[in-house]
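As structure tokens, the structure follows; a few thoughts come after it.
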Amino acid sequence: MIQLYPLLMSPAFDPRPWGTLDLSAIYPNHKFNERIGEAWLTGDNCVVANGPLAKRSLADLSKEFGSELVGTAARDPQRFPLLLKFLFPEEKLSVQVHPDDATAQRFGEPWGKTECWYVAHAKPGSQIALGLKPGVTVAQFQQSIEENRAEQLLNWINVYQGEMIYVAGGTVHTLGPGAVIVETQQQSDTTYRLYDYGRPRPLHLEHGLASVKERTASGKVIRPAPASIHGGKSRQSSMITAPYFTVDLFELKEPQEFSTADNSGKTSVQILVAVEGCGVVEAQGRDPVTLAKGDAVVVPAAMQGFTVRPQWAVEFLKASVPGAALPEPATRL
């Protein structure tokens, strides 16, 4: 039987009308002939690039290996729990909403879609819309869709490199152009398009409006100051702790050891996404795996311990499923 090992994922590039031909901020060696909006890293259909499990999908591997891969903290031991991807908006995305768990289950979906956005790059003036303006009701928002002015009732905010945004299920939202985003979310693609600036794409108003919440905990995450490690040569930043995921940012200039278990004693798959530099992921008895900008490495929960060894320097996000019940994060708009 094949043993699990750190899995280098093949990014799946997804064309979108709001995307871009220029992904050089993350993928400088890739050229595209169509507008790419997203690079999926750990979707159900994303495949492994290295070792004996190459070309196998995460969905297949989760069914075969169960909690050895996804960990004991995951709600479904046979489904990969988190989807991470890069977003490259050159134009505004459609105004959309994702249901929370309770609403999704009413519609026959296994779970909802709460997510967070790490701003990896942002041009001056980059904006997102997050939620309805204070006092706006769902009925008023529906009327604004019918009158082709839905943008006016959204809460638009400027975003800057290094920020983390929490987007709870039920939050009306959209991205404007100019930023590169790393999205961490529940493993779901349930998206209801509410408004699309006249683009010829279908809307999903019945389920979408039923999913909208007038008030949510969404916003810019209020975070503690980064912690110095290795005598100040490296840094760790807690970007978000939330019910479905925790995400930390590491800026390493020295090797760092990690565990697949948290303080609860439960284990989780660890997902590493490099945003700058290069490093090597090492686990005892397994071949080392290179982690370079734009790469994602999935470290199975059964690994227990692993090391990231920077090649000069590496900056990466590490996402996992919390073993204990966590509240929504503190945020501000």
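What follows is calculated from the coordinates using simple rules that are stated; it is not laboratory data. Source: prediction; values computed, not measured. Note that we place each Cβ from the backbone using ideal geometry, even for glycine, and neighbour counts take in every protein chain shown.
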Got a sec? Which residues in the stretch 297-322 would a label at ASP287 touch, if it sits 7 Å along Cα→Cβ and we count backbone N under 17 Å?
297-300
Computed helical MRE - 222 nm, the chain, DSSP H runs ≥ 4 contributing -39500 (n - 2.57), nearest 500
-2500 deg cm²/dmol
Express in whole angstrom the spacing between the alpha-carbon centres of the stretch 229-308 and the stretch 27-97.
17
Extension reserve of the LEU326-LYS55 stretch, reckoned as 0.36 nm per residue once the Cα distance is removed:
94.1 nm
Over 22 Å between alpha carbons, listed pairs LYS133/LYS318; LYS213/LYS318; LYS55/LYS253; LYS85/LYS318; LYS123/LYS220; LYS55/LYS113:
LYS133/LYS318; LYS213/LYS318; LYS55/LYS253; LYS55/LYS113
Can you list the equivalent-ellipsoid semi-axes of the chain, largest first and in whole Å, using the square root of 5 times each Cα gyration tensor eigenvalue?
33, 21, 20
Step through the residues of the stretch 307-323 one at a time and calculate ³J(HN,Hα) from phi using the Karplus curve (6.51 cos²θ - 1.76 cosθ + 1.60, θ = phi - 60°), rounding each to whole Hz and writing x for Gly and Pro.
10, 10, 10, x, 9, 6, 7, 9, 10, 8, 8, 10, 10, 7, 9, x, x
